[in-house]
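Trainee: Let me give you the structure first, and then I'll get to my questions.
Derivation of every value follows stated rules applied to the coordinates shown; laboratory data play no part. Nothing here was measured: the structure is a model prediction, and the numbers come from that model. Here the Cβ is made from the backbone with ideal geometry for all residues, glycine too, and neighbour counts use every protein chain on show.
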Amino acid sequence: MANRWRGDVAVVIDGQRHLARLTLGALAELEETLEAGSLVALVERFESNSFASRDVVALLGAGLRGGGARITDAALAQAEIAGGPMAAARAAAELLARAFVVPE
């Protein structure tokens, strides 16, 4: 079960359910991978709907690794994500939101 307080987001990849989480290490990985300058810049890209598919793959990949999955961004980009690209983008945005907002 996804624990919102911990920042978990459930994602189904190639038919297998995973929990993704943006740990501190995953956030540091994102800053380096996306060269966003700051995580605030990355959040702003998602809020303004100006994110790229590369952002989605990097966010999901970092989150999945933060949740304990052993998957590369290259493998994730080739995987089947339940719900397709829109579900992947939604999960990536939810990961960001849960990393910085306390659930109600």
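Trainee: Expressed as a whole number of Å, what is the distance separating the alpha-carbon centroids of the stretch 65-92 and the stretch 1-24?
Mentor: If we compute the Cα centre of each part, the gap is 10 Å.
Trainee: Got a sec to turn the phi values of the stretch 72-79 into Karplus ³J(HN,Hα) couplings, 6.51 cos²θ - 1.76 cosθ + 1.60 with θ = phi - 60°, whole Hz, x for Gly and Pro?
Mentor: 8, 5, 5, 5, 5, 4, 9, 7
Trainee: As an exercise, identify the GluC sites (Glu not before Pro) in the stretch 3-84 lying in DSSP coil whose Cβ has no more than 10 other Cβ atoms within 10 Å.
Mentor: Loop-located and lightly packed - E35, E80.
Trainee: Normalised by the number of residues in the stretch 4-100, what is the relative contact order in percent for Cα pairs under 8 Å and 6+ residues apart? Kindly include the intermediate steps, with their values, before the conclusion.
Mentor: Working: 123 pairs, mean separation 40.9, N = 97.
The normalised contact order for the stretch 4-100 reaches 42 percent.
Trainee: Give a quick list of trypsin sites (Lys or Arg not before Pro) in the stretch 52-98 that DSSP marks as loop, anything other than H, G, I, E or B, with at most 13 other Cβ atoms within 10 Å.
Mentor: Here the trypsin sites (Lys or Arg not before Pro) that fit, given the DSSP loop and packing criteria, are R70.
Trainee: Using Cβ counts within 10 Å as a stand-in for footprinting exposure, how do M86, M1 rank, fewest first? Numbers along the way, then the final one.
Mentor: Working: M86 10, M1 6.
With the sparsest Cβ surroundings first, the list reads M1, M86.
Trainee: In Å, what is the Rg of the alpha-carbon atoms in the stretch 4-100, and how long is Dmax?
Mentor: So, for the stretch 4-100, Rg and Dmax equal 11.9, 35 Å respectively.
Trainee: Using a Gaussian network model of the chain with C-alpha springs under 10 Å, which one of V40, V57, V11 is most mobile by mean-square fluctuation?
Mentor: V40
Trainee: Still on this structure, I have one more. Mind checking which of A92, I13, T33 is farthest towards the positive end of the stretch 4-100's charge dipole, using Cβ charges of +1 (Lys, Arg) and -1 (Asp, Glu) about the Cα centre?
Mentor: Value computed over the given set: I13.
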